[in-house]
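Participant: Below is the structure I would like to discuss, written out as structure tokens.
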Amino acid sequence: MWICNSCTATLRQTVEQLPWLANQLALTFARQSRLTPAPSAARRRPVSEDDEESPLPFVPAARDRYDEIRTVLVRWVRDLCEQIGIEFTGSEPATIADLSAWLLAHLDRLITSEDAGLALGELVDVAERGIAAINRPVPPVYRGPCPAVVGTDQRGRPITCGVPLYAQRTETEGGVTVGADMVTCVRCGTTHDGRALEQKLLAKMSGYLMPADEILRVMRELGEPVAKSTWHNWRAKGKIQPRAWRHRGRIVNYWLTSEDEKLYRLDDVRALREAGMAATTARM
């Protein structure tokens with residue numbers, strides 16, 4: 001045996017959990033990102049080939065981790081087959097559940113190989129990265145630069161702190177996630193009214209013109225995310241229209257060439273999102 005009993009137990013437990021973890025990753029990139037308890041072996045649903053070829057990678061990191069699990073399992077199954085001179089027995093193409101089951105059935109041969117320690121390290125590592133992908137921390141909400149006055153310049157004009165402020169997200173009774181009421185600057189220690197900062201930031205940015213990818217990122221940072229599918233639906237139905245185009249570095253209010261970048265207005269997107277949420281609430 002090339003690894004100790006404790007490491008062997010860790011390896012066995014890790015391989016046993018990989019089908020469940022792959023299923024959770026599949027759910028995550030299909031918009032269900034809440035981590036649920038691992039089901040018993042009798043209740044586990046093998047990952048179908050439809051899951052493996054899912055065209056809905058809403059969380060790219062989850063899709064990458066899913067593919068990584070399968071790649072690592074395939075490599076170790078193939079290596080062990082070559083070492084001990086047997087063939088893999090399972091469905092074709094093999095699912096993660098098939099690969100894990102085969103590896104568990106031949107675990108005694110794996111732990112006595114010279115590569116046992118390497119296998120342990122790779123399988124545990126890929127499992128930990130998978131767990132991190134389905135249990136991602138919720139990003140904070142951007143509230144603008146710190147407006148606290150920290151001094152004056154040579155002309156006596158106030159100098160503001162300027163450090164970017166972020167509010168931790170909180171959930172209301174209605175299930176709406178918003179930024180915390182109070183925000184404290186990490187540099188100067190000044191505590192600000194988060195709502196006042198939000199209104200000031202929105203007032204400043206409301207007329208900004210941005211391309212689609214940037215406006216979706218800004219909406220996410222403001223705590224008002226818009227799904228890409230929703231955005232595409234708005235565009236297809238003509239609900240959101242460009243307010244300007246970027247032509248060779250200049251912003252113009254008319255379309256000139258197919259290479260011109262479409263620019264959208266932030267307050268248009270916020271108003272459309274708010275109207276959609278109001279309509280959804282009215283139907284409930």
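Participant: For a quick check: sort SER258, SER6 by the number of other beta carbons within 10 angstrom, fewest at the front.
Facilitator: Least to most surrounded, the residues fall as SER258, SER6.
Participant: Shifting gears a bit: Tell me the label-point distance for the pair LEU272, ARG155, using the 7 Å Cα-to-Cβ offset, in nm and rounded to one decimal.
Facilitator: Between LEU272 and ARG155, the label points sit 4.2 nm apart.
Participant: Moving to a separate point now. Tell me, what HN-Hα J-couplings in whole Hz come from the Karplus equation 6.51 cos²θ - 1.76 cosθ + 1.60 at θ = phi - 60° for each residue of region 225-241, using x for Gly and Pro?
Facilitator: x, 10, 5, 4, 5, 5, 4, 5, 5, 4, 5, 5, 8, x, 6, 10, 10
Participant: Mind listing the long-range amide H neighbours of THR184? Cut-off is under 5 Å, sequence gap 5 or more, other chains count too, H placed in the peptide plane at 1.01 Å from N.
Facilitator: Those lying under 5 Å, H to H, from THR184 are HIS192.
Participant: So which chymotrypsin sites (Phe, Trp or Tyr not before Pro) in region 177-284 end up in coil per DSSP with only 13 or fewer other C-beta atoms within 10 Å?
Facilitator: Passing sites in region 177-284 are TYR254, TRP255.
Participant: To continue, here is another question. Between GLN168 and GLU122, 0.36 nm times their residue separation minus their Cα-Cα distance comes to what?
Facilitator: Length gained between GLN168 and GLU122: 13.1 nm.
Participant: Report the label-to-label distance for TYR208 and ILE251 in nanometres (one decimal), using points 7 Å from each Cα along the Cα→Cβ vector.
Facilitator: Taking the simple label geometry, TYR208 and ILE251 are separated by 1.1 nm.
Participant: Local charge sum around GLY194 (other residues, Cβ-Cβ under 12 Å, Lys/Arg +1, Asp/Glu -1)?
Facilitator: Summing Lys and Arg as +1 and Asp and Glu as -1 gives +1.
Participant: Count the net charge of all other residues whose Cβ sits under 12 Å from the Cβ of ASP260, scoring Lys and Arg as +1 and Asp and Glu as -1.
Facilitator: Net charge around ASP260: +2.
Participant: What is the order of THR71, THR257, fewest Cβ neighbours within 10 Å to most?
Facilitator: THR257, THR71
Participant: Output wanted: per-residue J couplings in Hz (rounded whole) for region 92-106, from phi through Karplus 6.51 cos²θ - 1.76 cosθ + 1.60, θ = phi - 60°, x for Gly and Pro.
Facilitator: Running phi through 6.51 cos²θ - 1.76 cosθ + 1.60 with θ = phi - 60° gives 10, x, 5, 8, 4, 4, 5, 5, 5, 4, 5, 5, 5, 5, 10 Hz.
Participant: Just the Cα atoms of region 206-284: what Rg and Dmax do they give in Å?
Facilitator: 13.5, 47
Each reported figure results from applying straightforward, stated rules to the coordinates on display, with no laboratory input. Keep in mind it's a predicted model, so treat the numbers as computed, not measured. Counting neighbours? That spans all protein chains shown, and the Cβs are built from the backbone with ideal geometry, glycine included.
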